[in-house]
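One structure is given here, and the rest of the page talks about it.
The values are calculated or read from the model by the stated rules, or taken from the named source; none is laboratory data. Worth saying up front: this structure is predicted, and the values here are computed from it rather than measured. We place every Cβ from the backbone using ideal geometry, glycine too, and count neighbours over all the protein chains shown. Please note that ligands, DNA and RNA were not included when accessible areas were found on the heavy atoms of the full protein model with its side chains. Shrake-Rupley method; radii C 1.70, N 1.55, O 1.52, S 1.80 Å.
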Amino acid sequence: MKLNTDTVQILNQDLLISAYLAQPDSSEKLPAVIVVQEIFGVNDHIQDITRRIASEGYIAIAPAIYQRQAPNFTAGYTPEDVKIGREYKNQTKADELLSDIQATINFLYQLPRVKKTGVGTIGFCFGGHVTYLTTILPEIKATASFYGAGITNWCPAGSNVPTIARTKDIKGKIYCFFGEKDASIPPEQVTQIESELQKYQIPHQIFRYGEAEHGFMCDRRSSYHQESAQDAWEKALELFKTTL
């Protein structure tokens, strides 16, 4: 499928958020999916994910959620890159992240080819946490959250309760993906997330991959696990296909 890609600017009050936009080259109206970056910015991997989603028949966009901290930031996967990316992560604020994703939704809804019947989100690493956080936005109908660390015991600045406390306010359906060899997300935290989703009767599925580590979806990282990545990708696409 031929795609059109571009870097666009999303206006959120006095902030311009850079974003990578990919869409099929057609006149058909399509649902939209927001791709939320790892701590490494909207780098080649995130742009590739955005194109892959667009090639499945969606209008896909990846906003730079570090726009406030580090405009145009992208990084690789060295220990120094990890250190810098975590520093920027720790400077983010929950209310600003919610505002920036809402601004992204508003931008999408201004595009004439976007169906205004709800959007999907997919996020990895810190983006997995952010997509869980933003499930409370009413237009988000489907969320694919990949290995978001800290959901049970942390939240970006400005909130004194962990992100899991917002589970009761989730508006749509959520799929969560975890590697059982992920040192940053103990299995008991995955169980806690599952229990909260069950408690509040949120439409959900939890997927655990026995041979996968943190970052198993990223084929640029040493932790990439092809079999797990392929299965998880198919399940995320199924979520979007059946919900959006």
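State all residues of segment 85-118 that are touching a Phe, Trp or Tyr at 6+ places or on another chain (Cβ under 8 Å) and open to solvent by 20 Å² or more (accessible area, probe 1.4 Å); if no residue qualifies, say none.
Selection gives Tyr88, Lys89, Lys116.
Filter segment 54-84 for residues that are of a type in the set (S, T, N, Q) and within 20 Å of Cys155 (Cα to Cα); which is surrounded by the fewest Cβ atoms within 10 Å (Cβ to Cβ)?
Here the answer is Gln69.
Take segment 1-19 and flag every residue that is outside any strand (DSSP E or B) and either at positive phi or touching a strand residue (DSSP E or B) at 6+ places or on another chain (Cβ under 8 Å) (or both).
The answer is Met1, Lys2, Gln13.
Among the residues of segment 152-182, write down those that are touching a residue at least 40 places away in the same chain (Cβ under 8 Å) and under 24 Å from Glu234 (Cα atoms).
Gly172, Lys173, Ile174, Tyr175, Cys176, Phe177, Gly179
Looking at segment 119-136, is at least one residue of a type outside the set (Val, Ile, Thr), in a loop (DSSP other than H, G, I, E, B) and surrounded by fewer than 19 Cβ atoms within 10 Å (Cβ to Cβ)?
No, there is no match, as no residue in segment 119-136 is of a type outside the set (Val, Ile, Thr), in a loop (DSSP other than H, G, I, E, B) and surrounded by fewer than 19 Cβ atoms within 10 Å (Cβ to Cβ).
Within the group Thr152, Thr131, which residue is at pLDDT 95 or above and within 23 Å of Lys241 (Cα to Cα)?
Thr131
Checking Arg51 against (1) closer than 16 Å to Thr5 by Cβ; (2) open to solvent by 10 Å² or more (accessible area, probe 1.4 Å); (3) under 13 Å from the mean Cα position of the chain (by Cα), only one condition comes out false. Which one?
Exception for Arg51: condition (3).
Of all residues being open to solvent by 20 Å² or more (accessible area, probe 1.4 Å) and within 18 Å of Glu96 (Cβ to Cβ) in segment 8-41, which is nearest to the chain's Cα centre (by Cα)? Just the residue, please.
Ser18
Which of the numbered conditions does Ala144 fail, given that it passes all the others? Conditions: (1) of a type outside the set (D, E, K, R); (2) open to solvent by 10 Å² or more (accessible area, probe 1.4 Å); (3) modelled with pLDDT of 95 or more.
Against the list (1) of a type outside the set (D, E, K, R); (2) open to solvent by 10 Å² or more (accessible area, probe 1.4 Å); (3) modelled with pLDDT of 95 or more, Ala144 comes up short only on (2).
Each row is one residue, and each column tells you yes or no for (1) within 27 Å of Thr117 (Cα to Cα); (2) modelled with pLDDT of 95 or more; (3) within 19 Å of the chain's Cα centre (by Cα); (4) not charged (D, E, K, R).
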{"position": "Asp169", "(1), (2), (3), (4)": "yes, yes, yes, no"}
{"position": "Pro187", "(1), (2), (3), (4)": "no, yes, no, yes"}
{"position": "Gly210", "(1), (2), (3), (4)": "no, yes, no, yes"}
{"position": "Gln226", "(1), (2), (3), (4)": "no, yes, no, yes"}
{"position": "Leu239", "(1), (2), (3), (4)": "yes, yes, yes, yes"}
